[in-house]
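Data block below; observations after.
FYI, it's all coordinate maths here, none of it is from the lab. Keep in mind it's a predicted model, so treat the numbers as computed, not measured. Here the Cβ positions follow ideal geometry from the backbone for every residue, glycine too, while neighbour counts run over all protein chains shown.
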Amino acid sequence: MRRRSLLIAVPAGMVTLAACGDDSGSSNAGDTASPSAPATSAAPPPKIVDGPLPAITAGTQFGEKPTVAKGSGDPSKQLAVKTVIAGSGRPVAENDFVMANYLGQIWSSAKVFDNSYDRKTPLVIQLAPGSIIDGWRYALTGKKTGSRVLFSVPPTWGYGEQGNEQAGIKGSDTLVFVVDLQETFNARSSAKGEEVPQDDAALPKVGTNTDGKAPSIEVPDAAAPKKLVAKYVIEGDGAEVGAQDSVLVQYKGVVWDGGKEFDSTYGRKQLTSFSLQQVVKGWSQGLTGKKVGSRVLIVIPPDLGYGENPPPGSGIEKDSTLVFSVDILAKM
C-alpha cells in the first residue's frame, strides 16, 4: 500500500500538514467534468492507433482554445492518439504530475463538456491510476512538454459504462480531447529561480541544490524564534500563491531542537499536493504570497504548528518549533 503523507492522523480539531494528501495527487475538480474523475475499471492497456480523429478547425496554435470538428463515422475502439504539435521539452512519464490546458468533447455530437482555457487555469494532475481516467495516462505518457496532443478515448478507458451524468456523458460515448502539455513534475523536480542571500545567523540555513535531492537544513545553536519565519531561499518568477490556492510541493521538515528530520517528500520519492486551507497555520501563512518556482524556509512556532498535540508517531515532541524547506512547484 502506498504510504500516505505523514501527519494525516491527528487529534480531532487539528489541521494536518497535508490533509488532502491522499497521494493520488488529484486536484479538486470542483463542479467540472475534468478528467480527474477517478478511473473505475481495471481494463488492460489499449492499443495506440493513429485514428480516426476529428480535425482541429480553429485555435490551432499551442495554448489557444481549440475548436474540434464532430467525429465522422465510428470511432476506434482502441485509443487513437496524434501529436498535433511536437514539443521539445521533457518527456512525460507515468506517475508524473502534468500541467496542461485541455478541451474535452463527445465524439458523436461535438458537445464540449469541459475545457480549462475558459477558466484560464491549467489543470495540474497526476498521471496515476485512480487520479485520472486511463485514456489520459496512456495517451500522454512519453509525450514531451510543449506538445499538443489530440486523442479519442472509448468508454473502456474513460468513464466506463456508467458514463458521467453530470457532464452529459453516456456510457457509450467516446470522448475527444485536445491537451496542451505545459510542464511535467516528478520526484526529482526542484525550485528554479534566483538564490537569495541567507545572512541571518539566527535562522536555519537551507541548501540551494536544484538537482532533485533533498536540501540540507542547518539549524543554528540558538533559541528558536517566537514568531513565524517565511523567507525565500530561491525566489522563482511564477504567480503568487493565494490563501485559497492548492499547491504542488517538495518539502523536508526537521525539528528545531536537534535538527532531526521527521518528514520529507524526497524520502518518499513522491510529491505532495494540498490546499492551503487544509494545513497548519504556519504553512498557510508562510506560503501565501510566495511565488511558484520558489524554495521557502518556514520556521513554525508551536502555536502555529501542533502545539501540545503533535501527530502520533510523527517523531514531533509537544511544543516543538518546526523547520521546513518547501519548493513550490505549481498552483493547482
query = Working out 0.36 nm times the residue gap between residue 277 and residue 226, then minus their Cα-Cα distance, what length gain in nm do you get to one decimal?
reply = 16.1 nm
inquiry  = Using Cα springs under 10 Å in a Gaussian network model of the chain, which residue among 237, 114, 199 shows the largest mean-square fluctuation?
reply    = 199
task = In a Gaussian network model over the chain where Cα atoms closer than 10 Å are linked, find which of 68, 299, 229 has the largest mean-square fluctuation.
result = 229
query = For the modelled label position 7 Å from the Cα of residue 317 along Cα-to-Cβ, which residues of region 215-236 have backbone nitrogen atoms closer than 14 Å?
reply = 224
For region 194-331: relative contact order, % (alpha-carbon pairs under 8 angstrom, 6 or more apart) = 30 percent
task = Work out, in µm²/s and without decimals, the Stokes-Einstein translational diffusion coefficient of region 194-331 at 20 °C, 1.002 mPa s, Rh from Kirkwood over C-alpha pairs.
result = 144 µm²/s
ask   = When the distances between all Cα atoms of region 143-205 are binned every 5 Å from zero, what whole-number percent does each bin get?
value = 4, 13, 12, 11, 11, 11, 9, 7, 5, 5, 7, 4, 1
query = Near residue 47, which lysines are there with a Cα under 19 Å away, not counting those fewer than 8 places off in the same chain?
reply = 77, 82, 143
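What net charge is computed for the residues neighbouring residue 302, neighbours being all others with C-beta under 13 Å from the C-beta of residue 302, Lys and Arg scored +1, Asp and Glu -1?
Details: positive: 226, 227, 281, 318; negative: 257, 303, 308, 317, 319.
Local charge sum for residue 302: -1.
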note = Treating only Lys and Arg (+1) and Asp and Glu (-1) as charged, each at its beta carbon, one finds that the chain has a dipole about its Cα centre, in Debye to the nearest 20, of 660 debye
remark   = If unit charges are put on Cβ atoms (+1 for Lys and Arg, -1 for Asp and Glu) and the dipole of the chain is taken about its Cα centre, the option from 256, 51, 66 lying farthest towards the positive end turns out to be 51
task = Post the alpha-carbon centroid distance, region 241-291 to region 146-215, in whole angstrom.
result = 18 Å
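For the chain, what relative contact order do you get, as a whole percent, if you take Cα pairs closer than 8 Å and at least 6 residues apart?
19 percent
With a sphere of radius 12 Å drawn around the Cβ of residue 213, what net charge do the other residues whose Cβ falls strictly inside it have (Lys, Arg +1; Asp, Glu -1)? Present the calculation step by step, with values, prior to reporting the outcome.
Working: positive: 188, 252, 269; negative: 211, 327.
Residues near residue 213 contribute +1 overall.
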remark   = 1/(1 + (r/R0)^6) with r = Cβ-Cβ of residue 64 and residue 196, R0 = 35 Å, i.e. FRET efficiency to nearest 0.05, evaluates to 0.45
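Given a Förster distance of 22 angstrom, what is the FRET efficiency for residue 244 paired with residue 94, based on the Cβ-Cβ distance and rounded to 0.05? Let's see the in-between values first.
Details: r = 30 Å, r/R0 = 1.39.
Calculated value: 0.10.
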task = Just add up the charged neighbours of residue 276: K/R +1, D/E -1, any other residue whose Cβ is under 13 Å from the Cβ of residue 276.
result = +1
query = So what are the radius of gyration and Dmax for the Cα set of the chain, in Å?
reply = 21.7, 73
